[in-house]
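> Structure incoming, see below.
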Amino acid sequence: MSETQIDIRTHASIDAIRAEDWDACACPERADDGRAFDPFTTHGFLSALETSGSVGEGTGWHPQHLTVHQGELIVAVMPLYVKTHSQGEYVFDHGWADAYERAGGRYYPKLQAAVPFSPVAGRRFLTRPDCVQIGQAALVQGMVKIAADNQISSAHVTFCTQDEAEAGNAMGLLTREGLQYHWQNDNYADFDAFLGALSSRKRKQIRKERRIAQGFGGEILTLTGDQIQPQHWDAFWHFYQDTGARKWGRPYLTRAFFDQLHDTMADDLLLVLAERDGHPVAGALNVIGRDTLFGRYWGCIEDHPYLHFELCYYQAIDYAIQHRLTRVEAGAQGEHKLARGYLPVTTHSLHWINDPGFREAVDQFLQSERKALAQDIDILTSYGPFKSVDVSEHD
């Protein structure tokens, strides 16, 4: 495939691209009648963000999605946005923006290849399986050209895969690493088998937390598909609003987003609710991938000891074990996850900086940051809850 055969186009809406063409690049595994590995880059999820008004005019997230064409065939796509702020990204560059603007530069707008409001690792260079190399190169070329031609300060690819980070670095982009906590399924037969892999002290603590949480005075429901009714979404919306107001000042997602998500992806959703006297008092929303359960949003209107851990972490582990999922990704940050079986893993992002002097400064910062992060991961892993030696322990 020669370069002259490649045509790169931009689109101000995901719905300007046929879902079949997008998903042939984003989730070709669905052709086997399976789930997508990454539900967040599917046409349905990205469309729900736009049609609900969660991204678009007035949000600071302006779609500028890329498609790569070979003749009439779309061979690669990228979820790309023009950003006028750095909110909802979870790979923090506020310090870069402050430094550049204090030096007289203009950091915003910038380009962001990402899934808005979703710190979930996955492919960002979405290509048909037989077009990986040429598709990745064309997407990087297109993103950089848009930035350079429009005198945009920078372009960022956040929460990409390690393979993409290595490929992007080979094409001249800067690499950045971050930290999350994921739970790995070691073919556990049940939750007790998972507990058996932990040290005695951690095992006792988790059992205590679950006992107290489950004794909150109500019942815990796990709902998927059509089991999730409009009244459940109404309750969860109140939970989400409360959490969003405390974390970000205002919720990123609109109420309509959850309705749209239900219409297009209900079977890929797991809603865990705590009900007391027939009324939901707390809830956690998960998205189900082909081999991963993605914990996304949590909220409550009543505080009960350890209920957050039960709904967000332990119920997710239960579900993953029962459905033979490989891992649970419980979102960004949170060292408290470590004691509950979620171990530190490295996340990756890519960055293109237009100004050569600023690029050099950022590169030096990233080199130091990577060294510090590697040390942090080693230390955190050593404090994990799993048995360090194979000895018999008794509760």
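> Looking at (1) within 30 Å of Asp263 (Cβ to Cβ); (2) open to solvent by 10 Å² or more (accessible area, probe 1.4 Å); (3) in contact (Cβ under 8 Å) with a residue 40 or more places away in the chain, which is the only condition Gly105 fails?
With respect to (1) within 30 Å of Asp263 (Cβ to Cβ); (2) open to solvent by 10 Å² or more (accessible area, probe 1.4 Å); (3) in contact (Cβ under 8 Å) with a residue 40 or more places away in the chain, Gly105 is out only on (1).
> Within segment 176-184, identify whether any single residue is more than 30 Å from Ile6 (Cβ to Cβ) and loosely packed, with under 15 Cβ neighbours inside 10 Å, and answer yes or no. Steps first, answer last, please.
Quick first cut of segment 176-184, residues more than 30 Å from Ile6 (Cβ to Cβ) only: 177-184.
With the extra rule that they be loosely packed, with under 15 Cβ neighbours inside 10 Å, the set shrinks to 184.
Looking through segment 176-184, at least one residue is more than 30 Å from Ile6 (Cβ to Cβ) and loosely packed, with under 15 Cβ neighbours inside 10 Å.
> Out of all the residues in segment 198-215, which are over 14 Å from Leu311 (Cα atoms) and β-branched (Val, Ile, Thr)?
Listed by number, the list is empty, since nothing qualifies.
> Given the criterion among the acidic types (Asp, Glu) and open to solvent by 30 Å² or more (accessible area, probe 1.4 Å), identify the matching residue among Asp38, Asp15.
So the residue among Asp38, Asp15 that is among the acidic types (Asp, Glu) and open to solvent by 30 Å² or more (accessible area, probe 1.4 Å) is Asp15.
> Hey, another quick one. Among the helices (runs of 4 or more DSSP H) lying completely within segment 187-267, list those that include at least 2 residues that are β-branched (Val, Ile, Thr).
200-214
Okay, residues lined up against (1) under 23 Å from Trp96 (Cα atoms); (2) not in a strand (DSSP E or B):
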| site | (1), (2) |
| --- | --- |
| Gln133 | no, yes |
| Gln136 | no, yes |
| Met143 | yes, yes |
| Ile152 | yes, yes |
| Phe159 | yes, no |
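> Go through segment 332-356 residue by residue and tally those that are open to solvent by less than 50 Å² (accessible area, probe 1.4 Å) and either more than 17 Å from Thr381 (Cβ to Cβ) or part of a strand (DSSP E or B) (or both).
Here the count works out to 10.
> Where in segment 45-94 are there strands (runs of 3 or more DSSP E), lying fully within it, with 2 or more residues that are farther than 19 Å from Ile353 by Cα and open to solvent by less than 50 Å² (accessible area, probe 1.4 Å)?
By residue number, 61-63, 65-70, 73-78.
> Residues that are outside any loop (DSSP other than H, G, I, E, B) and among the hydroxyl-bearing types (Ser, Thr, Tyr): does segment 364-376 have at least one?
The answer is yes, given that some residue of segment 364-376 is outside any loop (DSSP other than H, G, I, E, B) and among the hydroxyl-bearing types (Ser, Thr, Tyr).
> I've got another one for you. State which residue pairs qualify: first residue open to solvent by 30 Å² or more (accessible area, probe 1.4 Å) and inside segment 144-157, second residue not small (Gly, Ala, Ser) in any location, beta carbons under 6 Å apart, and separation of 6 or more residues or different chains.
Once the first residue is open to solvent by 30 Å² or more (accessible area, probe 1.4 Å) and sits in segment 144-157, its partners that are not small (Gly, Ala, Ser) give Val144/Trp352.
> Failed condition for Gly217, given (1) buried (at least 22 other Cβ atoms within 10 Å of the Cβ); (2) farther than 26 Å from His69 by Cβ, with all others met?
(1)
The values are calculated or read from the model by the stated rules, or taken from the named source; none is laboratory data. If you're wondering where the values come from, they're calculated on a predicted model, not measured in any experiment. Methodologically, a virtual Cβ is constructed for each residue, glycine included, from the backbone with ideal geometry; neighbour enumeration extends over all protein chains shown. All accessible areas refer to the heavy atoms of the entire protein, side chains included, with ligands and DNA or RNA removed. Shrake-Rupley method; radii C 1.70, N 1.55, O 1.52, S 1.80 Å.
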